[in-house]
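Okay, so here's the structure we're looking at.
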Amino acid sequence: MPHATAAALPAAARLSSAELDIWVNAGLKPWLQSSPRLQPDTLDDYSPTHRGHLPFYVLAVTTPAEARSATWTLIRATQKRALDLPALLLNPVFENRLVFWLCNTRITPNQVSLFTGLLGFGVAYLFLHGWLRLGISLTCAVAILDGVDGKLARTKLQTSRLGELEHVLDFFVEHAWYLSITCFLVASTQDPQWWWIGGGLMVSDLADNLLYYAGQVLLGKQLDELGVFDRRFRLIAGRRNIYTWMWMVGFWAGFPEASLMVALAWALLTVGVHAGRLMYHVRRRVALA
């Protein structure tokens, strides 16, 4: 439980000064013999960082093969519970293998985040100069690496304050993509209407982020965690991964203008659904209070 105070931890997760002395002076075995038995069923398995419930694992590791198996168990356990379809079905195939390899290197999660951000801004540069197909292909690498840094941090227990702000970098990278695509379409078509379409997408994304923030403040959880419908809608809701797969089809088919308009329509629908669901859950919470 990172950043939790000692008083906030369950009894099974706290060590008294006497227990600490035994651990430091006598070693692990005497400490284990004198410590109370851990009761996992008394602990809350909800994990805010995973956006859902996470089972406890008790693994005996005595051989290299068991260590390898346990590492894979830890990596798979770092998967967040509320994701869109690409992040749920496609990205983990590559993310988990990269994390397993990076576990044996000195590469840190923050370094992965920095590289991902630089690659993301490089994609924006490609979009701005009309390299739409190359840029949209590289967004797949950005999406995969964006999941690697968090999984690596949770697997190696290398979470940090800087890493917790990674979503801010993601926000600016995503909006750099939206803005650069808009600028290219305005320049290539000489039609200023694309400012309204691209700007509408950016405003919609900002509004959706504000709805998520409001849900966190008012209800204590992300919108995606509040009900079965919310979790299922998250699979297809308008977000970067969903938009980029729309554009993957549209850009390679030669219809960048139409694909941007479809993304805007889906973004507006997403904001409407999330606004309605937020009001529903707030009213329900008030009625039950």
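All of the numbers you see were taken from the coordinates with simple rules; none came from a lab. Note that this is a predicted model, so its numbers are computed, not measured. Every residue, glycine among them, receives a Cβ derived from its backbone with ideal geometry; neighbour counts consider all protein chains shown.
Structure notes:
- The chain, helix-only ellipticity at 222 nm - DSSP H runs n ≥ 4, -39,500 (n - 2.57), divided by all residues, nearest 500: -22500 deg cm²/dmol
- Tensor-based shape of the stretch 132-289 (alpha-carbon gyration tensor, a/c under 1.5 rounded, otherwise prolate or oblate): oblate
- Shape of the stretch 154-215, Cα gyration tensor, a/c cut at 1.5: oblate
- For mean projected area of the Cα convex hull in nm², the candidate list reads (i) 18.3; (ii) 15.5; (iii) 20.2; the entry that matches the value derived from this model is (i).
- Considering only Val273, Val203, Val168, the Gaussian network model of the chain with Cα springs below 10 Å gives its largest mean-square fluctuation to Val168.
- Contact order normalised by residue count of the stretch 75-288, Cα under 8 Å, 6+ apart, percent: 24
- Fewest neighbouring Cβ atoms within 10 Å first, the residues Ser259, Ser137 line up as Ser137, Ser259.
- The convex hull defined by the C-alpha atoms of the stretch 41-189 has an orientation-averaged projected area of 10.5 nm².
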